[in-house]
Amino acid sequence: MADVGKTPVARNEKTNSEFGYVGIDAILEQMRRKAMKQGFEFNIMVVGQSGLGKSTLMNTLFKSKVSRRSLMTTEEDRIPKTIEIKSISHDIEEKGVRMKLTVIDTPGFGDQINNENCWQPIMKFINAQYEQYLQEEINIERKKRIPDSRVHCCIYFIPPTGHCLRPIDIEFMRHLSKVVNIVPVIAKADTLTLEERDFFKQKIRADLRANEIDVYPQKEFDEDAEDRIVNEKIREMIPFAVVGSDQEYQVNGKRLLGRKTRWGTVEVENTAHCEFAYLRDLLIRTHMQNIKDITSSIHYEMYRVRRLNENNTQPNGQTAIHANSVPEHEVLSHEM
Amino acid sequence: MIVLGVVTIKLCVFWLDGEGARAVPLSGHVGFDSMPDQLVNKSVNHGFCFNILCVGETGLGKSTLMDTLFNTKFEGESTQHNQPGVQLKSNTYELQESNVRLKLNVVNTVGFGDQINKEDSYKSIVEFIDAQFEAYLQEELKIKRTLHSYHDTRIHACLYFIAPTGHSLKSLDLVTMKKLDSKVNIIPIIAKSDAISKSELAKFKIKITSELVSNGVQIYQFPTDDETVAEINSTMNGHLPFAVVGSTEEVKIGNKMVRARQYPWGTVQVENENHCDFVKLREMLIRVNMEDLREQTHTRHYELYRRCKLEEMGFKDTDPDSKPFSLQETYEAKRNEFMGELQKKEEEMRQMFVQRVKEKEGELKEAEKELHEKFDRLKKLHQDEKKKLEDKKKALDDELNSFKQKKTAAELLQAQTQQAGSSSTLKKDKERKK
């Protein structure tokens with residue numbers, strides 16, 4: 001109570017050194033307590049051909065068996081004939097912070113002979129999650145905390161060809177970057193040398209720019225100068241060249257996650273070997289909240305605007321939106 | 001659009017802990033324990049806002065208490081006692097402490113309790129609170145909305161100032177608090193409590209609490225579900241209503257300057273827990289439960305308002321068969337209803353118009369007929385008169401003619417007579433001559 005040196009600044013400045021402490025900053029602690037009690041939710045989707053190491057990467061990212069493959073005991077390990085969307089939830093806890101992690105797998109993507117419109121089922125699923133949230137939000141009696149099943153982040157696996165993006169990659173990312181945060185990664189990057197990797201990355205970035213594909217972190221959502229500096233650094237590294245592993249090997253006296261080959265051991269968390277650590281830091285340690293915010297305040301809002309405009313369109317195509325963008329039922333309330 | 005892939009959406013869930021997810025142990029440090037920090041950082045960048053409503057009669061020290069609580073001198077002069085109705089005046093202040101920026105909004109009830117007839121005093125307060133909820137609801141219902149940068153003006157805490165009579169609550173207090181308890185978090189406090197002695201204060205508090213309970217007034221209870229603060233909150237719950245003293249003047253006690261009120265018989269120190277409950281109030285209101293107050297406002301009071309308002313507007317969640325309405329159906333039903341009403345009104349208006357026109361037409365026709373008849377009558381009259389006149393004229397003419405004839409006859413006769421006379425005079429003359 002007799003804290004010295006914390007002076008509030010109001011319109012009429014009056015500094016009292018002895019009883020200057022009001023305690024407003026205690027709200028940070030209150031918020032932290034509330035967040036710990038409520039827990040967090042995170043929904044991550046992995047998209048890519050089979051055999052690119054998606055499941056292994058998920059397991060490596062979250063240091064536990066979270067992928068679908070790890071849970072399959074009786075299911076045959078086959079490539080499905082059509083794209084399926086499988087979603088598995090896990091409760092993980094670290095230092096008192098609880099998180100409900102949902103991993104959404106898309107087996108069958110890119111595996112058919114004819115992959116036309118392969119992005120459609122995935123787009124449909126993502127929109128279905130937005131729809132579910134919207135329905136709950138517009139209920140009259142709604143839950144205190146609306147369960148969030150919206151896809152926050154979609155990791156797209158690019159096969160390490162070393163040349164450029166394939167048409168299926170461009171098609172998918174072009175359509176989906178408009179509705180979800182896409183994080184492209186170069187899978188199985190231990191097959192590329194460093195020069196090949198750099199060349200590949202440059203080509204990919206050029207391809208993305210040429211096709212106007214905005215991947216996370218999107219340029220237009222940078223909030224201020226600080227944000228922009230941090231995000232520019234990330235944008236220079238995209239796509240991350242990752243290697244995943246859930247096996248530990250002995251390297252220099254330490255047990256590390258890695259892939260052991262005859263010519264050496266690739267250490268997953270060594271930034272000189274691959275960029276897994278950067279991906280993990282981006283997704284989990286620094287930008288997770290930002291990813292969720294962009295999903296809820298930009299992608300979801302865009303979906304909502306589209307959806308509500310659909311409702312107001314009359315059968316002959318006229319839109320009944322008023323000048324101040326208030327939906328029609330608002331007008332009803334004032335006139336009835 | 002030809003969809004070539006068939007979508008199978010399978011949800012594999014393991015129902016181990018009721019939430020539909022299985023608990024998985026981690027084999028290393030992942031790093032999402034930084035999530036609370038990420039969340040807090042975002043909020044710090046954004047800034048916080050807190051809105052307090054002070055309800056109480058004029059002169060109970062509301063402004064002084066706000067000054068004391070937030071350690072500043074808020075602008076404003078003291079109000080007069082002759083207000084015709086209760087008005088609400090709100091002032092916003094930007095406070096900052098370390099890296100926390102707080103937008104504090106203090107709303108004062110001006111003129112509360114000053115009128116002779118206080119039946120409607122609570123109404124303007126309820127209207128004000130509802131207006132803030134309404135503004136938020138409007139924003140939430142917009143198509144293009146900006147909820148995350150919306151300046152929240154909903155009242156998070158209502159400090160109700162009870163006059164230190166020492167006996168019981170006034171009926172105005174009970175009525176107002178009853179009207180407000182479902183709309184806002186009420187924290188009752190005894191103002192200017194240095195007017196009451198310690199023993200009287202204990203009895204007063206018990207009386208107030210029992211009156212509130214017996215009248216069913218729900219005041220804000222400090223939350224006791226989080227273990228870190230459960231103990232302190234439950235103790236404080238027992239000290240409600242807080243007996244406070246406010247002061248911005250400093251007095252030297254010992255070798256320190258403290259905020260106090262100085263009387264000839266002693267000094268009441270604001271921050272001394274033996275003297276008054278000011279410290280408890282500050283602790284509960286700001287340092288422990290500010291976030292909970294904001295959350296309760298949003299999840300309980302605002303949701304209740306929203307539910308009532310939407311139901312009033314005619315929206316329902318389920319139709320009589322308990323099948324959930326889709327948004328589209330509701331909107332369309334609403335629009336159809338509205339259009340139907342519009343059409344009905346239009347029809348009515350049109351019919352009324354046609355009716356009126358008919359009536360007017362009839363009237364005009366009637367008038368026309370009358371006019372015609374009148375005209376005919378007049379014409380006939382005129383003709384009759386004309387005839388009569390002509391007859392008269394003829395008669396007069398005849399008379400004139402006959403008179404003329406008589407005149408001429410008479411003249412002729414006269415002329416003859418004269419002649420005869422002259423000839424007779426002549427004859428007479430001749431005779432004489434003879």
- Query: Within the stretch A:309-332, restricting attention to residues that are in a helix (DSSP H, G or I) and at pLDDT below 50, which residue is surrounded by the most Cβ atoms within 10 Å (Cβ to Cβ)?
  - Reply: A:H329
- Message: I'd like to know if the stretch B:94-112 contains one or more residues that are in a loop (DSSP other than H, G, I, E, B) and either on the phi > 0 side of the Ramachandran plot or among the charged types (D, E, K, R) (or both).
- Response: yes
- Query: When the stretch B:102-132 is examined, which residues are found to be open to solvent by 90 Å² or more (accessible area, probe 1.4 Å) and either over 15 Å from B:T176 (Cα atoms) or small (G, A, S) (or both)?
  - Reply: B:I116
- Taking the condition within 7 Å of another protein chain (Cβ to nearest Cβ) and more than 20 Å from A:R304 (Cα to Cα), does A:K100 pass? yes
- Query: Going through the stretch A:100-126 one residue at a time, which ones are among the aliphatic types (A, V, I, L, M) and either in a loop (DSSP other than H, G, I, E, B) or out of contact with any strand residue (DSSP E or B) (no Cβ under 6 Å at 6 or more places or on another chain) (or both)?
  - Reply: A:I113, A:I122, A:M123, A:I126
- Query: Considering the stretch A:126-151 alone, what residues qualify as being within 9 Å of chain B (Cβ to nearest Cβ), within 21 Å of the chain's Cα centre (by Cα) and either buried (at least 20 other Cβ atoms within 10 Å of the Cβ) or of a type in the set (A, V, I, L, M) (or both)?
  - Reply: A:A128, A:L134
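When you check A:F172 against the structure, is it open to solvent by less than 10 Å² (accessible area, probe 1.4 Å), touching a helix residue (DSSP H, G or I) at 6+ places or on another chain (Cβ under 6 Å) and assigned to a helix (DSSP H, G or I), yes or no? So that I can check it myself, show each step before the final result.
Working: open to solvent by less than 10 Å² (accessible area, probe 1.4 Å): yes; touching a helix residue (DSSP H, G or I) at 6+ places or on another chain (Cβ under 6 Å): yes; assigned to a helix (DSSP H, G or I): yes.
Yes, satisfied.
Go through the stretch B:230-258 and report how many residues are under 21 Å from B:I162 (Cα atoms), open to solvent by 30 Å² or more (accessible area, probe 1.4 Å) and of a type in the set (S, T, Y).
Applying the first criterion (under 21 Å from B:I162 (Cα atoms)) to the stretch B:230-258 yields B:236-248.
Now drop any that are not open to solvent by 30 Å² or more (accessible area, probe 1.4 Å), which leaves B:237-239, B:248.
Cutting the leftovers down to of a type in the set (S, T, Y) gives us B:248.
Final tally of qualifying residues: 1.
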- If you go through the stretch B:230-242 one residue at a time, do you hit one that is away from chain A (no Cβ under 14 Å) and among the aliphatic types (A, V, I, L, M)? yes
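Test B:F338 against the stated conditions and say whether it is farther than 30 Å from B:G314 by Cβ and surrounded by 10 or more Cβ atoms within 10 Å (Cβ to Cβ). Spell out the reasoning first.
On the way: farther than 30 Å from B:G314 by Cβ: no; surrounded by 10 or more Cβ atoms within 10 Å (Cβ to Cβ): yes.
In short, no.
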- Query: Take the residues of the stretch B:158-181 that are open to solvent by less than 20 Å² (accessible area, probe 1.4 Å) and part of a helix (DSSP H, G or I): which is nearest to B:E134 (Cα to Cα)?
  - Reply: B:L180
- Query: If you go through the stretch B:38-58 one residue at a time, how many are under 20 Å from B:R154 (Cβ atoms) and not polar (S, T, N, Q)?
  - Reply: 9
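Against the condition closer than 23 Å to B:I286 by Cβ and either modelled with pLDDT under 85 or not in a strand (DSSP E or B) (or both), how does B:I155 come out, does it pass?
Values: closer than 23 Å to B:I286 by Cβ: yes; either modelled with pLDDT under 85 or not in a strand (DSSP E or B) (or both): yes.
Judged against the criteria, B:I155 is a match.
Could you check the stretch B:215-304 for strands (runs of 3 or more DSSP E) lying wholly inside it with 3 or more residues that are not hydrophobic (A, V, I, L, M, F, W, C)? Even if it seems obvious, please write down each step before you answer.
Numbers: elements: B:250-253, B:256-263, B:266-269.
Counting at least 3 such residues, we get B:256-263, B:266-269.
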- Residue list for the stretch B:344-384, restricted to those being under 52 Å from the mean Cα position of the chain (by Cα) and of a type in the set (F, W, Y): B:F353
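Any chance the stretch B:91-101 includes a residue that's closer than 30 Å to B:R307 by Cα and either of a type in the set (A, V, I, L, M, F, W, C) or open to solvent by 20 Å² or more (accessible area, probe 1.4 Å) (or both)?
So in the stretch B:91-101, the residues closer than 30 Å to B:R307 by Cα come out as B:91-92.
Next cut, either of a type in the set (A, V, I, L, M, F, W, C) or open to solvent by 20 Å² or more (accessible area, probe 1.4 Å) (or both) only: B:91-92.
Yes - at least one qualifying residue is present in the stretch B:91-101.
Residues in the stretch A:152-166 that are touching a Lys or Arg at 6+ places or on another chain (Cβ under 9 Å) and crowded, with 19+ Cβ neighbours inside 10 Å: how many? First the steps, then the outcome.
Residues of the stretch A:152-166 that are touching a Lys or Arg at 6+ places or on another chain (Cβ under 9 Å), as a first pass: A:152-153, A:155, A:157-160, A:162-165.
Filter again for crowded, with 19+ Cβ neighbours inside 10 Å, leaving A:152-153, A:155, A:157-158, A:165.
Residues meeting the conditions: 6.
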- Query: Within the stretch A:246-282, how many residues are under 16 Å from the mean Cα position of the chain (by Cα), at the interface with chain B (Cβ under 9 Å from one of its Cβ atoms) and buried (at least 20 other Cβ atoms within 10 Å of the Cβ)?
  - Reply: 1
- Message: Being more than 10 Å from every other protein chain (Cβ to nearest Cβ) and either modelled with pLDDT under 90 or at positive phi (or both) is the requirement here; does A:T73 meet it?
- Response: yes
- Message: What's the number of the only condition in (1) open to solvent by less than 50 Å² (accessible area, probe 1.4 Å); (2) at negative phi; (3) not β-branched (V, I, T) that B:N41 fails to meet?
- Response: (1)
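Filter the stretch B:189-227 for residues that are in contact with a Cys (Cβ under 6 Å, 6 or more places away or on another chain) and open to solvent by 30 Å² or more (accessible area, probe 1.4 Å) and give the result. Spell out how you get there, then give the answer.
Within the stretch B:189-227, the first condition is being in contact with a Cys (Cβ under 6 Å, 6 or more places away or on another chain), and the residues that meet it are B:193.
Hits for the stretch B:189-227: nothing passes.
The values are calculated or read from the model by the stated rules, or taken from the named source; none is laboratory data. Small disclaimer: the values here were computed from a predicted structure and weren't measured. Note that we place each Cβ from the backbone using ideal geometry, even for glycine, and neighbour counts take in every protein chain shown. In case anyone asks, the SASA skips ligands and DNA or RNA and just uses the protein heavy atoms, side chains included. Shrake-Rupley method; radii C 1.70, N 1.55, O 1.52, S 1.80 Å.
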